[in-house]
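Right, one structure below, let's go through it.
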């Protein structure tokens, strides 16, 4: 089982760092799945995470100049690693002016992802900084725990408002309440509501637009025959929503959410080279 | 100085005004000596054979509070007068500002014994000198909260800095960061091969930012692990020393071999073993079942086995239960080696227990 990769382009490095920063805000530990073409950051919906789950997918070709991996076996040419994304984020943080960043899976005393950053210096040889990030190798029989979640049978799908606005609204609401209700309908209207003993606050968004989902046979019929004005809602942990919005350092190309009434909210954030899906279950 | 201790010791001497501080565990000491030429006017006061040099200490916070906002001070203050009034027990700081405004601060002081760490840069086996900028750029790669760092020498004359992982921390769970600097990044390098020392990074950062701001090269004098490390800055009118205790080898011997600077290879070498195949084979072969085997990195709540501490020498300090001063290394491991009593100069450098060097004055 081998993995080595190299980033030389600074723009790619910055972009990759930003993605890692976003993941670090959402998960304390997560799974990194490596395949020949893609990297995935996965958080499965264990109780420890508050039931939230994450699926983030990027094409390695968009970031790495070199990327070689050999999985556990020829028929299972993948690697699953458990790691703390904050470590990776810190390792990349001070590499903004690097000449090259190499990442390699090693096993000196324990499995580690070694991030080696080559920095320019005034001397004849470059400065080298290495960060050994401990990782856990997930055995093949556990891989089924980390399959891509399917899009739930949602009641409403709607585009999100400008994330910056949404973020500042949610951040203020966070000071007042631990839970927030997201409700939306198929007429492009979304409300964010909090309610406590003393105060209730609602922020209304209009004209957001509803994404067209290709209707598979009978699959989305619940959405199609739905009354356009009727709201689907879910009450979720406000901290999770705030973390998701705070982690977005760049505006996504597309941002939408699917609401299953009183069950779960499924957020999809799409950038050019990376897609992120985040599931927040509703509080009973 | 405030990064080291809570009290500022002042000692006006013939060779200049000395400002000093020590940390609560006596493992860090710093002194700034401003030569008479630094000042527009310098009168240390009559210190003849009969009169003792006057020494006192004030609260660091009170002193710093007077100089709170440097940018506005630079704009408004023309002159600063520092006056010791022993009879009134007051240290007077007078800021002469624009428009005829004078701000006078009277600080209460306490007389004290001399605060002097015992150290000798000549007796250090290794010396390094680098522009502050190089060291600042090196230190930036470590987490701001990192307590201790290990400075080492490696093959090819390279100098390494690595974050120190405590014995209590699980080595397979902690990220290890290591930085390599080439010899020619330094202004001078005279080091014993294979040497390494571990010291408190937080206290060093304070001196480093001062050095960077004043654009002065920083010299590091060190010896064997356990002997103090001395950082010096030199200028025509200013002499700065920072002395920090270092971790003795008694503790570092129990670490994993990878922390030995000498055997560590530069990062981009391909010599390290990629021995994951055998690891994977071992994992696949282990007892199946739906139970996840304890992840080597994130064990499922297995209690950390109680480590038996290596035998401590009789000179080990008692552990103080006072609230830890931020940046002070843990008492057990670091030794306040260098606070020999000033009263008995013949004594060797090793202090036994909490030798309080600077006593509070007895009741008047």
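Brief remarks on what is shown
- Yes/no for residue A:169 being surrounded by 15 or more Cβ atoms within 10 Å (Cβ to Cβ) and under 23 Å from residue A:250 (Cβ atoms): yes
- Region A:187-228 - residue that is outside any loop (DSSP other than H, G, I, E, B) and surrounded by fewer than 13 Cβ atoms within 10 Å (Cβ to Cβ) and, of those, modelled with the lowest pLDDT: A:221
- Region A:2-59: number of residues that are on the phi > 0 side of the Ramachandran plot and in contact with a helix residue (DSSP H, G or I) (Cβ under 8 Å, 6 or more places away or on another chain): 1
- Which numbered condition residue A:40 fails, given (1) more than 17 Å from residue A:20 (Cα to Cα); (2) buried (at least 19 other Cβ atoms within 10 Å of the Cβ): (1)
- Given (1) crowded, with 16+ Cβ neighbours inside 10 Å; (2) in contact with a strand residue (DSSP E or B) (Cβ under 7 Å, 6 or more places away or on another chain); (3) touching a residue at least 40 places away in the same chain (Cβ under 8 Å), number of the condition residue B:116 does not satisfy: (2)
- Selected residue [more than 21 Å from residue A:105 (Cβ to Cβ) and more than 11 Å from the chain's Cα centre (by Cα)] from A:61, A:71, A:50: A:50
- Of all residues making up region A:137-147, the number that are more than 9 Å from chain B (Cβ to nearest Cβ) and either in contact (Cβ under 8 Å) with a residue 40 or more places away in the chain or in a loop (DSSP other than H, G, I, E, B) (or both): 3
- Against the list (1) touching a strand residue (DSSP E or B) at 6+ places or on another chain (Cβ under 6 Å); (2) within 23 Å of residue A:146 (Cα to Cα); (3) within 7 Å of chain B (Cβ to nearest Cβ), the condition residue A:72 fails is (1).
- Of the strands (runs of 3 or more DSSP E) lying entirely inside region A:49-132, those containing at least 3 residues that are farther than 26 Å from residue A:247 by Cα are A:66-70, A:100-107, A:111-119.
- For region B:186-197, the criterion of being under 23 Å from residue A:125 (Cα atoms), within 17 Å of the chain's Cα centre (by Cα) and either within 14 Å of chain A (Cβ to nearest Cβ) or surrounded by 21 or more Cβ atoms within 10 Å (Cβ to Cβ) (or both) is met by at least one residue.
- Matching strands (runs of 3 or more DSSP E) fully within region B:110-178 where at least 3 residues are touching a helix residue (DSSP H, G or I) at 6+ places or on another chain (Cβ under 8 Å): B:148-153, B:159-163
- All of (1) crowded, with 21+ Cβ neighbours inside 10 Å; (2) within 14 Å of chain A (Cβ to nearest Cβ) hold for residue B:203 with one exception: (2).
- Residue check, residue B:177 crowded, with 21+ Cβ neighbours inside 10 Å and more than 8 Å from chain A (Cβ to nearest Cβ): no
- So residue B:182, is it within 14 Å of another protein chain (Cβ to nearest Cβ) and surrounded by 17 or more Cβ atoms within 10 Å (Cβ to Cβ): yes
- Of note, residue A:111 satisfies the criterion of being buried (at least 22 other Cβ atoms within 10 Å of the Cβ) and within 11 Å of chain B (Cβ to nearest Cβ).
- From B:140, B:149, residue being surrounded by fewer than 19 Cβ atoms within 10 Å (Cβ to Cβ), modelled with pLDDT of 90 or more, within 26 Å of residue A:119 (Cα to Cα) and not assigned by the TED database to the domain that holds residue B:72: B:140
- Residue, farthest from the other protein chains (Cβ to nearest Cβ), within region B:130-152, restricted to residues that are over 16 Å from residue B:187 (Cα atoms), over 16 Å from the mean Cα position of the chain (by Cα) and touching a residue at least 12 places away in the same chain (Cβ under 8 Å): B:152
- Scan of region A:148-163 for residues that are surrounded by fewer than 21 Cβ atoms within 10 Å (Cβ to Cβ) and either out of contact with any helix residue (DSSP H, G or I) (no Cβ under 9 Å at 6 or more places or on another chain) or free of Cβ contacts under 8 Å to residues at least 60 places away in the same chain (or both), ordered by number: A:148, A:149, A:150, A:151, A:152, A:159, A:161, A:162
To keep it simple, each residue is scored yes or no on (1) more than 21 Å from residue A:28 (Cβ to Cβ); (2) at pLDDT 90 or above; (3) touching a helix residue (DSSP H, G or I) at 6+ places or on another chain (Cβ under 9 Å).
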{"position": "A:73", "(1), (2), (3)": "yes, no, yes"}
{"position": "A:85", "(1), (2), (3)": "no, yes, yes"}
{"position": "A:89", "(1), (2), (3)": "no, yes, yes"}
{"position": "A:93", "(1), (2), (3)": "no, yes, yes"}
{"position": "A:101", "(1), (2), (3)": "yes, yes, yes"}
{"position": "A:112", "(1), (2), (3)": "no, yes, no"}
{"position": "A:116", "(1), (2), (3)": "yes, yes, no"}
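- Filter result (crowded, with 20+ Cβ neighbours inside 10 Å and either facing chain B (nearest Cβ under 7 Å) or free of Cβ contacts under 8 Å to residues at least 24 places away in the same chain (or both)) within region A:119-136: A:127, A:128, A:129, A:130, A:131, A:132, A:133, A:134, A:135, A:136
The values are calculated or read from the model by the stated rules, or taken from the named source; none is laboratory data. Here the structure is a predicted model, which is why all the values come from computation and not from measurement. Ideal geometry is used to build each Cβ from the backbone, glycine not excepted, and the neighbour counts take in all protein chains shown.
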